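The values are calculated or read from the model by the stated rules, or taken from the named source; none is laboratory data. These numbers come from a predicted model, not from an experiment. Note that each Cβ is placed from the backbone with ideal geometry, even for glycine, and that neighbours are counted across all protein chains shown.
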Amino acid sequence: MMSPADRQKAASALRTAEETRKPMEQLSKTWPDIDFDDAYAIQDLVIKDKVAKGAKIIGYKIGLTSKAMQASSQINEPDYGHLLDTMLVPDGATVKHADYCAPRLEIELVFVLNKSLKGPGIGMMDVMRATEYIVPSMELVDARVQNPRKIFDTVADNAAAAGLVIGGRPIKPFDFDLRWVGGALYRNADIEETGLALGVMGHPANGIAWLANRFGRHSIEIPAGQVLLSGSFIRAIWINKGDTLHADFGPLGSLAVQYV
């Protein structure tokens, strides 16, 4: 367990790393006793600082939703990070590769709520009934902490959240069997990865339910209107300067972003 002063030092170091685009030394190396409570507390401190400077929380991302990713991180549940309005990137936009420390990209489905969710006891169908629409997305991922990272480093670093592109065709939650929504990610003209939303805990709504129940332990409600990234169903792709990334979700449409 870290002291409050050390948590503040860690949060300040993460903000500096993001602003200078220079990854910092692992928190798990500087503070070997760091635990999940510390990591999420540090994440909250960073987000509170950004909100104080004008950013707005618009939702959350859920990460590490596959068994393989959890095993590689030596944990048995997903993690989460905050989404801010400053992270939104328009479909088809160009972004500066130099604005990120170690840019990567994932594809997943976004759930937008029209009813609040509060655990415990939230299940997949509760999430579906509380969802206004679902839409394809690309998550811009970054790491403000050096490799090799432990799960505590990633959690403190806002679960590596860096940006969000939303595009394609919004659908109502019961319009499709969401398990079988597929996506292909192209780098320039080449297909890099393909996957099915089934890979997210058996159904992408299960990731949202996990978050609602985790927040429910602390009597925190996810309010209506929140944008929720349900979890990637491909591995994160490393991005080079000059790459155009194009995500094709078939009948749900496509979206793209270019790094310059």
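Here's a check for you: in segment 186-197, which residue that is surrounded by fewer than 21 Cβ atoms within 10 Å (Cβ to Cβ) and either under 19 Å from Lys172 (Cβ atoms) or of a type in the set (Val, Ile, Thr) (or both) is farthest from the chain's Cα centre (by Cα)? Out of the qualifying residues, it is Ile191.
Only one entry in Phe215, Phe233 is surrounded by 17 or more Cβ atoms within 10 Å (Cβ to Cβ), of a type in the set (Phe, Trp, Tyr), within 25 Å of Lys56 (Cα to Cα) and in contact (Cβ under 8 Å) with a residue 40 or more places away in the chain, namely Phe215. Report, by residue number, each residue of segment 4-39 that is of a type in the set (D, E, K, R), part of a helix (DSSP H, G or I) and surrounded by fewer than 19 Cβ atoms within 10 Å (Cβ to Cβ). Of everything in segment 4-39, those that are of a type in the set (D, E, K, R), part of a helix (DSSP H, G or I) and surrounded by fewer than 19 Cβ atoms within 10 Å (Cβ to Cβ) turn out to be Asp6, Lys9, Arg15, Glu19, Lys29, Asp37. When every residue of segment 231-242 is checked against the conditions, at least one turns out to be among the aromatic types (Phe, Trp, Tyr), part of a loop (DSSP other than H, G, I, E, B) and under 19 Å from the mean Cα position of the chain (by Cα). Scanning segment 248-260 for residues that are outside any loop (DSSP other than H, G, I, E, B), farther than 21 Å from Gly207 by Cα and of a type in the set (A, V, I, L, M) returns Leu255, Ala256, Val257.
Looking at this structure, is Leu117 at pLDDT below 95, of a type in the set (A, V, I, L, M, F, W, C), surrounded by 14 or more Cβ atoms within 10 Å (Cβ to Cβ) and under 22 Å from Val200 (Cβ atoms)? Judged against the criteria, Leu117 is not a match.
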